[in-house]
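Q: Have a look at this one before I ask anything.
Any read-out appearing in this document is the output of simple, stated calculations on the displayed coordinates, not a laboratory observation. Computed from a prediction, not measured in an experiment: that's the story for all the values here. All Cβ positions, glycine included, derive from the backbone under ideal geometry; neighbour counts span all protein chains shown.
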Amino acid sequence: MGHFAIARWVAPTSPPDILLKSMLIDILIVWGKFFVGKALFELETFGYDPHRPKAGITYRYPNMGWWLIHLAAVSFVYYLGNRLWS
């Protein structure tokens, strides 16, 4: 989303344009929703005991590594599409 917004800037930009006419607000909302949803998911999956260990392989679901690997994979696919079909 960030690259899409930056690639389509309208030429002179001002701070209100960056804030209101770009995808910055959308990106902030999506990240906020992701972290709230992840916190609720972990509370439901691992329980409410803070001393319970979170065991598991870091790249396996439902750990944070799973999300990071998919973020990297989706970014790479977007990069390839942008390079190959531009």
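Q: Under a Cβ-only charge scheme (Lys and Arg +1, Asp and Glu -1), can you give me the dipole magnitude of the chain about the Cα centre, in debye to the nearest 20?
A: In total the dipole reaches around 180 debye.
Q: Sticking with this one: Before rounding to the nearest 500, sum -39500 (n - 2.57) across all DSSP H runs of length at least 4 in the chain and divide by the residue total; then give [θ] at 222 nm in deg cm²/dmol. Walk me through the numbers on the way to the answer.
A: Numbers: 4 runs with 56 residues, N = 86.
Per the formula, -21000 deg cm²/dmol.
Q: A follow-up question, please. Which entry is the computed volume of the Cα convex hull per residue in Å³ for this structure: (1) 111; (2) 130; (3) 99?
A: Calculated volume of the Cα convex hull per residue in Å³: the matching label is (1).
Q: Angle, helix 64-84 long axis vs. longest principal axis of the chain, Cα atoms, 0 to 90°, nearest 10?
A: 20
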